[in-house]
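Q: Below is one structure. I have some questions about it.
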Amino acid sequence: MAKAMVTVTIPLTAISFAIGLVIALVVALARMAENVIASRLARAYISIIRGTPLLVQLFIIFYGLPELGFKVPPLPAAIVAFSLNVGGYAAEIIRSAIMSVPKGQSEAAQTIGMDYATTMRRIILPQAARIAVPGLSNTVISLVKDTSLASTILVTEVLRTAQIAAAPTFEFFALYMTAAAYYWVVCLILSALQGRLELRLGRFLKA
């Protein structure tokens, strides 16, 4: 199970979160855009992702898309499903963090000639990042646990490994408890990293 955690579960979490974070940033900015079409598309995306179960999203991509001629292997299917799910939830976290930054910050940037992209990159997003850290940390911790759903499409992650090992021995309790311990340890490590990241970003903002 340790091998499955290192080679499958953690990479699956990291890749899905990284892609999902990019999606979330784009969706959050579209949600706040003055362009009505972009804003409505972002709202629709968030509504669909947050309004449907992750397991259903996973099944649509792995079992549903082949009926339309798009066959996706188990691991890529899991990455796509988890990335889209993270994007939907993290978009609102990022949007609320951006909106928490005082408007005077962007107005001051405009008065010295900064365009929108430069203002977001140098002024707004660094401050919003500190605000968004707790919410995004909760998202990545939830994602670690949600990767167990990938076992339903035959991705050999920690839970799937425990299931395979328990089938011939019937030691379900011991093996499932071991799997739970692996998830718990990873989540503890992520929680500790969250605290250090908040402290570091806090010093950066004060500086």
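Q: Filter segment 190-207 down to the residues that are modelled with pLDDT of 85 or more and surrounded by 11 or more Cβ atoms within 10 Å (Cβ to Cβ), then identify the one that is nearest to L125 (Cα to Cα).
A: Selected residue: Q194.
Q: Considering only residues that are surrounded by fewer than 13 Cβ atoms within 10 Å (Cβ to Cβ), in a helix (DSSP H, G or I) and aliphatic (A, V, I, L, M), which ones fall in segment 107-139?
A: Selection gives A117 alone.
Q: Listed residues I60, I48; which is assigned to a helix (DSSP H, G or I), surrounded by fewer than 18 Cβ atoms within 10 Å (Cβ to Cβ), at pLDDT 95 or above and over 18 Å from the mean Cα position of the chain (by Cα)?
A: Just one listed residue meets the conditions, I60.
Q: I've got another one for you. Please enumerate the residues belonging to segment 140-179 that are surrounded by fewer than 21 Cβ atoms within 10 Å (Cβ to Cβ) and of a type in the set (S, T, Y).
A: S142, S148, S151, T152, T156, T169, Y176, T178
Q: Still on this structure, I have one more. Return the residues of segment 63-74 that are exposed (fewer than 13 other Cβ atoms within 10 Å of the Cβ) and aliphatic (A, V, I, L, M); say none if nothing qualifies.
A: Correct list: L68 only.
Q: Could you check segment 34-45 and list, in sequence order, the residues that are loosely packed, with under 12 Cβ neighbours inside 10 Å and not hydrophobic (A, V, I, L, M, F, W, C)?
A: Within segment 34-45, E34, N35 qualify.
Q: Is it true that some residue in segment 13-33 is over 30 Å from R160 (Cβ atoms), surrounded by fewer than 18 Cβ atoms within 10 Å (Cβ to Cβ) and more than 18 Å from the chain's Cα centre (by Cα)?
A: Yes, segment 13-33 contains at least one residue that is over 30 Å from R160 (Cβ atoms), surrounded by fewer than 18 Cβ atoms within 10 Å (Cβ to Cβ) and more than 18 Å from the chain's Cα centre (by Cα).
Q: Conditions first: (1) farther than 19 Å from S142 by Cβ; (2) modelled with pLDDT under 95; (3) part of a helix (DSSP H, G or I). V8 passes all but one, so which condition is the exception?
A: (1)
Q: Take M99 and tell me if it is modelled with pLDDT of 90 or more, in a helix (DSSP H, G or I) and not aromatic (F, W, Y).
A: Yes: the conditions hold for M99.
Q: For segment 1-54, which positions are small (G, A, S) and in contact (Cβ under 8 Å) with a residue 24 or more places away in the chain?
A: A2, A4, S16, G20, A24, A28, A42
Q: Any residue at all in segment 81-93 that is on the phi < 0 side of the Ramachandran plot, free of Cβ contacts under 8 Å to residues at least 12 places away in the same chain and not acidic (D, E)?
A: Within segment 81-93, none of the residues are on the phi < 0 side of the Ramachandran plot, free of Cβ contacts under 8 Å to residues at least 12 places away in the same chain and not acidic (D, E).
Q: Sort out which residues of segment 129-182 are polar (S, T, N, Q), in contact (Cβ under 8 Å) with a residue 60 or more places away in the chain and under 25 Å from F62 (Cα atoms), and write them in order of number.
A: Within segment 129-182, T139, T147, T152, T156, T161 qualify.
Q: Here are the criteria: (1) assigned to a helix (DSSP H, G or I); (2) over 16 Å from I49 (Cα atoms); (3) touching a helix residue (DSSP H, G or I) at 6+ places or on another chain (Cβ under 9 Å). Tell me which single one I93 does not satisfy.
A: Of everything listed in (1) assigned to a helix (DSSP H, G or I); (2) over 16 Å from I49 (Cα atoms); (3) touching a helix residue (DSSP H, G or I) at 6+ places or on another chain (Cβ under 9 Å), I93 misses just condition (2).
The values are calculated or read from the model by the stated rules, or taken from the named source; none is laboratory data. Since we're looking at a predicted model, the values are computed, not measured. Ideal geometry is used to build each Cβ from the backbone, glycine not excepted, and the neighbour counts take in all protein chains shown.
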